[in-house]
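Just below is one structure, and these are the notes that go with it.
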Amino acid sequence: MKGITKVFPGTVACEAIDFDLRAGEIHALVGQNGAGKSTLIRVLAGIYPRDAGEIFIEGEPVEHLTPWTAHDLGMRFIHQELNLVPQFNVAENIVLGDPYPFRFGRLIDWRRLNRHVGSVLADLGISIDPRRSVQSLSVAEQWMVAIARALYSRGRVLVMDEPTSSLTREDVQELFDLVRSLVAKGTSVIYISHRLEEVFELAQRVTVLRDGHKVTTTDVDSIDLSELVRLMVGGSPQKLYPTIEEDRSVGKPVLQADELTSIDGRLVDLSLEVHEREVVGLTGLLGAGHNEFADSLFGVGAQFSSGQVLLDGKPYEPRGARDAIGRGIGLVPAERRSQGLIGEMRIWENIILAHLRHFLIDPITQIIRHREANREALEQMRSLRIVAVGPEQEVRYLSGGNQQKVVLAKWLLRRPRLLVLNEPTRGIDVSAKAEIYGLVRRLADEGSGILFVSTEAEELAGVCDRVLILRQGRLVAEIPRRELSAQRIMEACYGG
Ligand SMILES: Nc1ncnc2c1ncn2[C@@H]1O[C@H](COP(=O)(O)OP(=O)(O)OP(=O)(O)O)[C@@H](O)[C@H]1O
Ligand SMILES: [Mg+2]
């Protein structure tokens, strides 16, 4: 790619970017949220027409790139936002863009299709029935399907835009093995990730983007982590984790769960407390119940057959979002796109959404104090460093990480009694992470109780006052601040 420029109204997403991919290499593409990574990839995929620049494949210039010609040229993409068709089943999604098998010339041979897709999935070590509809799958499973789609008919170039943010450690390792075996067969890979340790593990070269410009391309061997971060941030980065006093005094309990058992058996006899001014981590391996518990407090997912939840000492039966918000709970859901945002609405509208009444002139007319809402939104955007044209921009046009920040802004504005964060830093760049950890601590210092649910042991150790570990729905360990380390957390998760 030579001199690639892509301009959106109010934003130069990519400016004169040169990028080259060698045969058989894994080339990482990194940069902060909004740096232009996904845009560059979408230009390559023929989704966005470029405003300037040239693209060559094996030396041949490519003029009119569309998603179809890109596919024909042997390029396969796993986009950041998945782009699966939810109403289609797994097999249909996977063959999308490739010819269906036919019988008698014009009838789709479903049996053969399902068998073929089944064998592709099996090769990838994925056990999902090809006939299941995509919308019934978990997020991690949907990622597996997206990966299978990209690998269904082998291309010469595979582009992955943050494929691992929703995967477990084990799945990540499997994916890496897979990628390496494809590379051994001659595929070249462009790999985007905010997990920089993955860059060092997987890639041979790395290209850094900042504010739509290319900073550099370099061999991974000739650079270390802090240097890479410095290139991304454009200066020395702030400290990632805040300083936390040991044995800080906390207030009275905000959340108390008392011997909770869910009907589906994913949570068993779970008792825990979160106090005012306290950040409590909750973790486990995939399916251990931590993510499920977070959502259940908002009345989503698990229902309880016994036990009870108290909020500020009063019984609370999680029924739904309105209920939860009314009782002072905020939730940053793991799946921001489908559960945390309304893409067609503007940034300011999303930010005030959980706080609407506060911005109404009076409840009868339902007219919103637009100027005030806008000002508040702008302030949140500034403190979270949300990269956007302005508060009037529709959320769907923001980069992935910036969308996540909008979800956070919504709850920071409201100052909930209890803030439940479910994997809040997925897809978030390093400096925004530091920002978020700082904000979480500040919210706790101001009196909120925080339940920090995450699968990243590192960040739990960095941000929590204590961490609770679940295994198969049961609470199996509690680690206090002075003993906290990523190592300790991982050991407890695995039962070591
Ligand atoms: N369709 C669009 N319309 C308007 N602006 C857009 C559009 N797509 C991207 N942008 C803007 O272009 C810039 C680059 O976005 P891009 O999605 O490429 O970032 P990114 O590097 O992938 O970030 P992240 O790590 O958060 O995914 C951002 O400021 C974003 O708001
Ligand atoms: Mg992106």
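Quick note: the coordinates plus some simple rules give every number you see, no bench work behind them. From a predicted model like this one, the values you see are computed outputs, not experimental measurements. Here the Cβ is made from the backbone with ideal geometry for all residues, glycine too, and neighbour counts use every protein chain on show.
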Worksheet item: Reachable aspartates and glutamates from K314, Cα under 13 Å, same-chain residues fewer than 8 places away excluded?
Response: D258
Worksheet item: When the Cα centres of region 91-134 and region 343-415 are compared, how far apart do they sit, in Å?
Response: 42 Å
Worksheet entry | Cα-based reach from K2 at 21 Å (exclusive), listing lysines while leaving out same-chain residues under 8 positions away | K37, K214
Worksheet entry | All aspartates and glutamates inside 15 Å of K239 as judged from Cα atoms, apart from same-chain residues fewer than 8 positions distant | E227, D429, E435, E458, E459
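What is the ratio of the Cα radius of gyration of the chain to 2.2 N^0.38 Å, with N the residue count, to two decimals?
On the way: Rg = 23.4 Å, N = 496, 2.2 N^0.38 = 23.3 Å.
For the chain, the normalised Cα radius of gyration comes out at 1.01.
What FRET efficiency comes out for the pair V7/E60, r = Cβ-Cβ distance, R0 = 22 Å, nearest 0.05? The partial results should precede the final answer.
Values: r = 26 Å, r/R0 = 1.19.
With a Förster radius of 22 Å, E is 0.25.
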Worksheet entry | Helix-only [θ]222 nm of the chain, DSSP H runs n ≥ 4, -39500 (n - 2.57) each, per residue, nearest 500 | -9500 deg cm²/dmol
Response to the item:
Contour minus Cα-Cα span, H370 to T243, at 0.36 nm per residue, comes to 41.9 nm
Discussion item. Restricting to Cα pairs below 8 Å that are 6+ residues apart, what does the relative contact order work out to for the chain? Please round to a whole percent.
Written reply: 16 percent
Discussion item. Using just the Cα positions, wrap region 2-233 in a convex hull and report its mean projected area in square nanometres, one decimal place.
Written reply: 13.4 nm²
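So for region 2-97, what are the equivalent ellipsoid semi-axes in whole Å, largest first, each being the square root of 5 times an eigenvalue of the Cα gyration tensor?
Working: eigenvalues 109, 61, 38 Å².
In descending order, the three semi-axes are 23, 18, 14 Å.
Can you tell me which of 227-237, 427-437, 103-113 comes out highest on packing, and rank the rest after it, using the mean Cβ neighbours within 10 Å?
Numbers: 227-237: 15.3, 427-437: 21.5, 103-113: 11.0.
Packing proxy ranking, top to bottom: 427-437, 227-237, 103-113.
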Worksheet item: Once both axes come from the Cα atoms, what is the angle between helix 139-152 and the longest principal axis of the chain, in degrees from 0 to 90, rounded to 10?
Response: 0 degrees
Worksheet, complete the sentence: 1/(1 + (r/R0)^6) with r = Cβ-Cβ of D323 and D264, R0 = 22 Å, i.e. FRET efficiency to nearest 0.05, evaluates to 0.60
Item to complete: Please work out the Cα center distance from region 20-45 to region 181-197, rounded to the nearest Å.
Response: 11 Å
Response to the item:
Using alpha carbon positions and the Kirkwood radius, the Rg to Rh ratio of region 222-274 is 1.33
Worksheet item: trypsin sites (Lys or Arg not before Pro) within region 20-85: which are DSSP loop residues with at most 10 other Cβ atoms inside 10 Å?
Response: R22
Discussion item. As I understand it, the dipole of the chain uses +1 on the Cβ of Lys and Arg and -1 on the Cβ of Asp and Glu, about the Cα centre. Which of A13, L96, V189 lies farthest toward its positive end?
Written reply: L96
